[in-house]
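**Q** Quick one: the structure is below, and I'll ask about it shortly.
The values are calculated or read from the model by the stated rules, or taken from the named source; none is laboratory data. All of these numbers come straight from a predicted model, not from anything done at the bench. All Cβ positions, even for glycine, are placed from backbone atoms using ideal geometry, and neighbour counts span all protein chains on display.
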Amino acid sequence: MRAPAKINLHLGVGAPRPDGFHPLVTVYQAVGLYDDVTVEPSPGWTLGVSVPEWIDADAVPVTGANIVDRAARLLAAHHGVEAHAGVSVAKAIPVAGGMAGGSADAAAALVALDRLWELQTPDDDLLRLAAELGSDVPFALLGGTALGTGRGELVEPVPDPATWWWVVVPSTEGLSTPAVYRRFDELAPDAPDEPAGAGTLLQALESGDPEVLAGALHNDLEGPALDLRPDLADVLEEGEEAGALRGMLSGSGPTCLFLAESADAAREVAGALAARHEVVLVTHGPVAGAHVVTYG
Ligand code: ATP
């Protein structure tokens, strides 16, 4: 199974709800950075994780704390079966980077184990289990471009007819999503209950014009994340100086994203950024959600 990273083209955040979650109005887009999850029959449960050299292996838990373990236990409990499988996760999505890599792995694991264990879980049940695992997991199942509401777990596809080119600069150090939300609360104690709506962004997607999209991108977590990591503002500026239409943080950061005019423009921006950054990726969206790549 392969599952994509997400970016948030619009991320409106409201004041915390009584359950502690922040209400969101977000527009997710799945982009072409993927983690792969492979499953095979096994008499017990094993989980292995491999990472490319630019990802810190220690940042990914390999014991029961990995979200893939949780996904397996949840699916097995839902059906009353044993969680027996040999699972390996090959990461290529930045860890703790605001691109929902863990959520992608959870979505891939749900679908892969559902097939391995021959459970035929209905899509609605899978979406419900996904939402229990994390706010971004339902979107990783869906892919494409979608409006997310609630705490981000209620997803519905939206029209996005163009292909958008992005340059991605991962940070060597992760940023904790809860820490960014805490700083949001400190900086915006009077945040409205209703998050900022996504109307402008949705119209920009339909225009197919990268300059229009650049003007409509919106991220309420960017201020608090930059407050915690002021160095990232310099990276955003660098990318814009190199020709990006707009630089922004991916979700709660610290990954920096740059919207480019075209594939060629993205390569140019990436080339310029590569002089100062160890890892610079070029990708595009929207792409499909979690999907099988090899049938065994
Ligand atoms: P989000 O934006 O959804 O918070 P993120 O991209 O910022 O996600 P993830 O890469 O999903 O962050 O990881 C968040 C934390 O989850 C990591 O710090 C790590 O300790 C933990 N984690 C658990 N399982 C995984 C996994 N399979 N891959 C990556 N991180 C995992």
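**Q** Select from the range 24-48 the residues that are touching a residue at least 60 places away in the same chain (Cβ under 8 Å), part of a strand (DSSP E or B) and surrounded by fewer than 15 Cβ atoms within 10 Å (Cβ to Cβ) and list them in ascending order.
**A** Let us first name the residues in the range 24-48 that are touching a residue at least 60 places away in the same chain (Cβ under 8 Å), namely 24-41.
Of the ones still in play, those that are also part of a strand (DSSP E or B) are 24-40.
Listed by number, the list holds a single entry, Glu40.
**Q** Could you tell me which numbered condition Phe21 fails, if it satisfies all but one of (1) surrounded by 16 or more Cβ atoms within 10 Å (Cβ to Cβ); (2) part of a loop (DSSP other than H, G, I, E, B)?
**A** (1)
**Q** Output the number of residues of the range 86-120 satisfying the condition of being crowded, with 22+ Cβ neighbours inside 10 Å, at positive phi and among the aliphatic types (A, V, I, L, M).
**A** Summing the residues that are crowded, with 22+ Cβ neighbours inside 10 Å, at positive phi and among the aliphatic types (A, V, I, L, M) in the range 86-120 gives 1.
**Q** Six or more apart or on different chains, Cβ under 9 Å: which pairs go from a residue in the range 252-266 that's closer than 11 Å to Trp166 by Cα and part of a helix (DSSP H, G or I) to one that's at pLDDT 95 or above and within 16 Å of the ligand (Cβ to nearest atom)? Could you list them?
**A** Here the result reads Ala266/Trp166; Ala266/Thr283, each pair linking the range 252-266 to a residue that is at pLDDT 95 or above and within 16 Å of the ligand (Cβ to nearest atom).
**Q** Can you name every residue in the range 198-231 that is touching a helix residue (DSSP H, G or I) at 6+ places or on another chain (Cβ under 7 Å), within 21 Å of Val169 (Cβ to Cβ) and not in a loop (DSSP other than H, G, I, E, B)?
**A** If the condition is that a residue be touching a helix residue (DSSP H, G or I) at 6+ places or on another chain (Cβ under 7 Å), within 21 Å of Val169 (Cβ to Cβ) and not in a loop (DSSP other than H, G, I, E, B), then Leu213, His218, Gly223, Pro224, Ala225, Leu226, Asp227, Leu228 are the ones that fit.
**Q** For the range 232-251, enumerate the residues that are surrounded by fewer than 20 Cβ atoms within 10 Å (Cβ to Cβ), of a type in the set (D, E, K, R) and in a helix (DSSP H, G or I).
**A** Those that are surrounded by fewer than 20 Cβ atoms within 10 Å (Cβ to Cβ), of a type in the set (D, E, K, R) and in a helix (DSSP H, G or I): Asp234, Glu237, Glu240, Glu241.
**Q** Of the residues in the range 103-131, how many are free of Cβ contacts under 8 Å to residues at least 60 places away in the same chain, within 16 Å of the ligand (Cβ to nearest atom) and either of a type in the set (Ser, Thr, Tyr) or touching a Lys or Arg at 6+ places or on another chain (Cβ under 9 Å) (or both)?
**A** Qualifying residue count, the range 103-131: 2.
**Q** Residue under question is Thr163, and the condition is that it be under 30 Å from Asp264 (Cα atoms) and more than 16 Å from the ligand (Cβ to nearest atom); does it hold?
**A** It is true that Thr163 is under 30 Å from Asp264 (Cα atoms) and more than 16 Å from the ligand (Cβ to nearest atom).
**Q** With the requirement that a residue be part of a loop (DSSP other than H, G, I, E, B) and at pLDDT 90 or above, what does the range 49-73 give you?
**A** Val51, Pro52, Glu53, Trp54, Ile55, Asp56, Val60, Pro61, Ala65, Asn66
**Q** Looking at Gly243, Gly253, which is the one that is at pLDDT 95 or above and either within 19 Å of the chain's Cα centre (by Cα) or farther than 18 Å from Met99 by Cα (or both)?
**A** Going through Gly243, Gly253 in turn, the sole match is Gly243.
**Q** Further, regarding this structure: Kindly provide the set of residues from the range 42-69 that are more than 15 Å from His84 (Cβ to Cβ) and within 8 Å of the ligand (Cβ to nearest atom), ordered by number.
**A** Across the range 42-69, the qualifying residues are Val49, Ala59, Val60, Pro61, Ala65, Asn66, Ile67.
**Q** Only one of these conditions is not met by Val292: (1) at pLDDT 95 or above; (2) touching a Lys or Arg at 6+ places or on another chain (Cβ under 9 Å); (3) of a type outside the set (Ser, Thr, Tyr). Which number is it?
**A** (1)
**Q** Any idea which of Gly148, Gly152 is within 16 Å of the chain's Cα centre (by Cα), within 30 Å of Glu206 (Cβ to Cβ) and assigned to a loop (DSSP other than H, G, I, E, B)? Walk me through how you get there before you give the answer.
**A** Numbers: Gly148 fails: assigned to a loop (DSSP other than H, G, I, E, B).
Answer to the check: Gly152.
**Q** How many residues are away from the ligand (no atom under 13 Å from the Cβ) and not in a helix (DSSP H, G or I) when one looks only at the range 74-102?
**A** Count: 7.
**Q** If Thr172 satisfies every condition in (1) under 18 Å from the mean Cα position of the chain (by Cα); (2) buried (at least 21 other Cβ atoms within 10 Å of the Cβ); (3) under 20 Å from Gly239 (Cβ atoms) but one, which is the exception?
**A** All conditions are met except number (2).
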